[in-house]
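Written below as structure tokens is the structure these notes are about.
The values are calculated or read from the model by the stated rules, or taken from the named source; none is laboratory data. Remember, predicted model here, so these are calculated numbers, not experimental data. So basically every Cβ, Gly included, is an ideal-geometry build from the backbone, and we count neighbours across all protein chains shown. Calculation scope for accessible area: heavy atoms of the full protein, side chains included, ligands and nucleic acids excluded. Shrake-Rupley method; radii C 1.70, N 1.55, O 1.52, S 1.80 Å.
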Amino acid sequence: MRAFLCGVRGSTPAPGPDFVKYGGHTSSVALAHDGELPSLVIDAGTGLRRVTNLLDGAPFQGSIVLSHLHWDHVHGLPFFQGGARQGHRVNVFLPAINGDAVGTLSRGLSPPHFPIGPTELGPGWTFDPLVEGPRELEGFEVLVREIPHKGGRTFGFRVTDGAGSLAYLGDHFPLGEGAGPDGLGAYHPAALALAHEVDVLLHDAQFLAAQFPGVTYLGHSAIEYAIGLASRAGAKALMLFHHAPDRTDDELDAIVASFADAPIRVIAATEGTVATLGVPGSPVMTTLSTAT
Ligand SMILES: [Zn+2]
Ligand SMILES: [Zn+2]
């Protein structure tokens, strides 16, 4: 399968010359079966706009799973042109309060916060609660597990097509489960299950351990924790994800270089790249030619 990195930034978009290499769109990752158009999207940050460019002019027909409902994970929804084309089908799954998916999403997506609500996005849009456990979506096996974050229920995902696999813990506060062996958070069962022997682990990399404890109130991870989790879970590679909005390209280059001797391969997620999973040497990284 292929994973298209359409938005890799955390918290708020980061435009400008200091963010050209790694990109400024917020979280959105599109998954496609080999030889097919993307049909499963994880999170709908502003990067969702880039998914339209992957569709070869076709309407999107698939599902979007939302890890949680913070702005940086939903702001792309009403700007998803691929989900407005004739013949679209967009099934959205989200952590709903009291099982009311539309009502929960409407808290942030409705007047006066935004001109329209979820049900006005198009006739082919549906909204359903996301629950924990394994499920099938768009021909992928998806494991959904709740993970600690801050300010609302949050899920992590493990997705496989039977050959390749990917784990996504975009916003993760493992200190919420205890200090853990290195003081950066617990290597708790949900995180270990999601990351178990995946080809690539996309993980919250908002901070460095040196920034702790001053930033822990924000509910994110240290990169050193992500390395520890990837190692313990047997992941083949770690992709640093959800970059802090003020972290420049030069700073990210330096961070990646500083972890060159880590026990697992450490990559910084870069907007506009495609990870091909389930092949020898996976993940194999290529660059999208349809940049916007
Ligand atoms: Zn976030
Ligand atoms: Zn969040």
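Results, tabulated for the structure shown:
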| read-out | value |
| --- | --- |
| Pick from the range 8-40, criterion touching a Leu at 6+ places or on another chain (Cβ under 7 Å) and not in a loop (DSSP other than H, G, I, E, B), ranking: nearest to ligand 1 (Cβ to nearest atom) | Ser28 |
| Residue that is farthest from Ser282 (Cα to Cα) [pool: residues in the range 147-166 that are out of contact with any His (no Cβ under 8 Å at 6 or more places or on another chain), part of a strand (DSSP E or B) and more than 16 Å from ligand 1 (Cβ to nearest atom)] | Val159 |
| Odd one out for Gly87, checked against (1) surrounded by fewer than 20 Cβ atoms within 10 Å (Cβ to Cβ); (2) in contact (Cβ under 8 Å) with a residue 60 or more places away in the chain; (3) assigned to a loop (DSSP other than H, G, I, E, B); (4) more than 16 Å from ligand 2 (Cβ to nearest atom) | (2) |
| Strands (runs of 3 or more DSSP E) completely within the range 196-289 that count 1 or more residues being exposed (fewer than 15 other Cβ atoms within 10 Å of the Cβ) | 284-287 |
| Scan of the range 75-96 for residues that are closer than 22 Å to Ser11 by Cα and either modelled with pLDDT under 95 or touching a helix residue (DSSP H, G or I) at 6+ places or on another chain (Cβ under 6 Å) (or both), ordered by number | Gly76, Phe79, Phe80, Leu94, Ala96 |
| Residue tally, condition within 15 Å of ligand 2 (Cβ to nearest atom) and open to solvent by 10 Å² or more (accessible area, probe 1.4 Å), over the range 1-33 | 3 |
| Residue count, the range 138-162 (criterion: of a type in the set (Asp, Glu) and open to solvent by less than 30 Å² (accessible area, probe 1.4 Å)) | 0 |
| Pairs, first of a type in the set (Val, Ile, Thr) in the range 226-237, second open to solvent by 10 Å² or more (accessible area, probe 1.4 Å), C-beta under 9 Å, six or more apart | Ile227/Phe259; Ile227/Ala262; Ile227/Pro263; Ile227/Ile264; Ile227/Val266 |
| Matching residues, the range 167-193, being among the hydrophobic types (A, V, I, L, M, F, W, C), outside any helix (DSSP H, G or I), touching an Asp or Glu at 6+ places or on another chain (Cβ under 7 Å) and away from ligand 2 (no atom under 16 Å from the Cβ) | Leu184, Ala186 |
| Single match in Pro112, Pro123, Pro95, Pro78 (criterion: more than 21 Å from Ala32 (Cα to Cα) and in contact with a Lys or Arg (Cβ under 6 Å, 6 or more places away or on another chain)) | Pro95 |
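Rundown of residues vs (1) open to solvent by 10 Å² or more (accessible area, probe 1.4 Å); (2) touching a Phe, Trp or Tyr at 6+ places or on another chain (Cβ under 8 Å), yes/no style:
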position: Val65; (1), (2): no, yes
position: His73; (1), (2): no, no
position: Leu77; (1), (2): no, no
position: Ala101; (1), (2): no, yes
position: Pro115; (1), (2): yes, no
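To keep it simple, each residue is scored yes or no on (1) out of contact with any strand residue (DSSP E or B) (no Cβ under 7 Å at 6 or more places or on another chain); (2) within 15 Å of Val131 (Cβ to Cβ).
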{"residue": "Leu69", "(1), (2)": "no, no"}
{"residue": "Pro78", "(1), (2)": "yes, no"}
{"residue": "Gly82", "(1), (2)": "yes, no"}
{"residue": "Gln86", "(1), (2)": "yes, no"}
{"residue": "Asn91", "(1), (2)": "no, yes"}
{"residue": "Gly99", "(1), (2)": "no, yes"}
{"residue": "Gly103", "(1), (2)": "yes, no"}
{"residue": "Arg107", "(1), (2)": "yes, no"}
{"residue": "Ser110", "(1), (2)": "yes, no"}
